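*Asks:* Quick one: structure below, then a few questions.
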């Protein structure tokens, strides 16, 4: 059985384009997210944070760390 130890929320914002037309992005990480938080709840929080930004939110990720038990 695996036990979830930690959860991290990452928001990726569009910062424009470089001289070659490639998209420039920046990522903001929020560590120590409650492991019991649902994906839906994190989406609501991320959308609220995105509304406070001048740049558009283009990606939302959740990373979970598990401890593998033998």
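*Asks:* For the range 33-47, give me each residue that is without any contact (Cβ under 8 Å) to a residue 24 or more places away in the chain and under 13 Å from the mean Cα position of the chain (by Cα).
*Replies:* 39, 40, 41, 43, 44, 47
*Asks:* Looking only at residues in the range 14-32 that are in a strand (DSSP E or B) and within 10 Å of the chain's Cα centre (by Cα), which one is nearest to residue 44 (Cα to Cα)?
*Replies:* 30
*Asks:* For the range 17-55, which positions are farther than 27 Å from residue 3 by Cα and loosely packed, with under 10 Cβ neighbours inside 10 Å?
*Replies:* 18, 19, 20, 21, 22, 48, 51, 52, 54
*Asks:* I would also like to ask the following. Can you say whether residue 10 is more than 24 Å from residue 66 (Cα to Cα), modelled with pLDDT of 95 or more and either touching a strand residue (DSSP E or B) at 6+ places or on another chain (Cβ under 9 Å) or loosely packed, with under 11 Cβ neighbours inside 10 Å (or both), as far as the supplied structure shows?
*Replies:* Judged against the criteria, residue 10 is not a match.
The values are calculated or read from the model by the stated rules, or taken from the named source; none is laboratory data. Since this is a predicted model, take the numbers as computed values, not measurements. With ideal geometry, Cβ positions are generated from the backbone for all residues, glycine too; neighbour counts draw on all protein chains shown.
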